[in-house]
1. Would you say A:LYS189 is without any contact (Cβ under 8 Å) to a residue 60 or more places away in the chain, closer than 28 Å to A:GLU137 by Cβ and within 16 Å of DNA strand B (Cβ to nearest atom)?
2. Which members of segment A:242-265 meet the condition of being closer than 16 Å to A:ALA98 by Cβ and either in contact with a Ser or Thr (Cβ under 9 Å, 6 or more places away or on another chain) or without any contact (Cβ under 8 Å) to a residue 60 or more places away in the chain (or both)?
3. Anything in segment A:1-48 that is touching a helix residue (DSSP H, G or I) at 6+ places or on another chain (Cβ under 9 Å) and of a type in the set (S, T, N, Q)? List them, or say none.
4. Looking only at segment A:51-75, how many residues end up being open to solvent by less than 20 Å² (accessible area, probe 1.4 Å) and either at pLDDT below 95 or more than 16 Å from DNA strand B (Cβ to nearest atom) (or both)?
5. Residue check, A:TYR63 against (1) under 27 Å from A:LEU183 (Cβ atoms); (2) over 19 Å from the mean Cα position of the chain (by Cα); (3) not hydrophobic (A, V, I, L, M, F, W, C), all met but one. Which one?
6. If you scan segment A:1-60, which residues turn out to be in contact with a Lys or Arg (Cβ under 7 Å, 6 or more places away or on another chain) and charged (D, E, K, R)?
7. Can you tell me which residue within segment A:92-118, out of those that are within 14 Å of DNA strand B (Cβ to nearest atom) and free of Cβ contacts under 8 Å to residues at least 60 places away in the same chain, is nearest to the chain's Cα centre (by Cα)?
8. Please go through segment A:125-159 and give me each residue that is within 13 Å of DNA strand B (Cβ to nearest atom) and in contact with an Asp or Glu (Cβ under 8 Å, 6 or more places away or on another chain), ordered by number.
Amino acid sequence: MRIATWNINSVRLRLPLLTGVRDALAPDVICLQETKTPDEFFPLEGIKALGYPHVAMRGMKGYNGVAIFSRHPFTVLPDTPDWCLKGDCRHLGVMLDAPGGPIELHNFYIPAGGDIPDRLVNVKFAHKLDFLAEATEWSVANAAAPRRVLVGDLNIAPLEHDVWSHKELLKVVSHTPIEVEALNRWMQKGAWYDAMRHFVPAEEKLYTWWSYRAQDWAASNRGRRLDHVWVSPDLAPALKGMQVLREARGWEKASDHVPVMVELG
DNA sequence: ATGGTAGATCCTCTA
């Protein structure tokens, strides 16, 4: 079972790139963030033509938006929270009909949080912290459940080597101590295990995002690991492989995020 | 300290 996650930054604009993702990673399931598309304009037939007959999406006009598509059947989980009561499309949960038993899969797009890391002067940062607090409590209630997977653009790079310079990014939103603490608290309280770092030691650099604003993203290589795959502890022994599709950052009309794939056996 | 790019769009907001 291969599960991929990718912040596609407009599913309509980058639909053709999904062929490359499919061919490179052969995922059974693909979770997208920032689809930026209301459901009535979602390219449903294009996704199905890639070989993913089972599709669910939760989109809105202009911003946000998540989608899950799969070779295996699934049912969309009802009663997902209205996070921070904003009506945003930032979360989609499904129960996957997987070999070896059902998998509860959650796809998240966490608020980026704006530029100033102070909740008193920046409502976007307050929203990010509030969202993380709500997500923590939501995970606590379900922490004992088996066969859980959580993926998505969490917009936080928690480890020192999840960013190109720990020192220079300590005051930059995505790597501030208050965000890192909130993310770690979510992981601990929800009994989540970092599936990417299972394969790459904490001392090694690991990025999934490179800014559009760099003149040469590959040469400067100022990346961050903003995208994550977490699994429940019972699935940790089933982890068979992980791949970050770095080359996708160099494709024509690339997203600023690259796909991440985890294989469970 | 600053500004750089990209996408969708109620040409400004979001990242």
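1. no
2. Going residue by residue through segment A:242-265, those that are closer than 16 Å to A:ALA98 by Cβ are A:261-265.
Listed by number, the residues that qualify are A:MET261, A:VAL262.
3. A:THR35, A:THR37
4. Looking only at that region, the number is 5.
5. In the conditions (1) under 27 Å from A:LEU183 (Cβ atoms); (2) over 19 Å from the mean Cα position of the chain (by Cα); (3) not hydrophobic (A, V, I, L, M, F, W, C), A:TYR63 misses (2) alone.
6. A:ARG14, A:ASP28, listed by residue number.
7. A:ILE110
8. The answer is A:PHE125, A:LYS128, A:GLY152, A:ASP153, A:LEU154, A:ILE156.
The values are calculated or read from the model by the stated rules, or taken from the named source; none is laboratory data. For clarity, every value in this text was computed on a predicted model and none was experimentally measured. Here the Cβ is made from the backbone with ideal geometry for all residues, glycine too, and neighbour counts use every protein chain on show. Heads up: the accessible areas ignore ligands, DNA and RNA and are worked out on the full protein's heavy atoms, side chains in. Shrake-Rupley method; radii C 1.70, N 1.55, O 1.52, S 1.80 Å.
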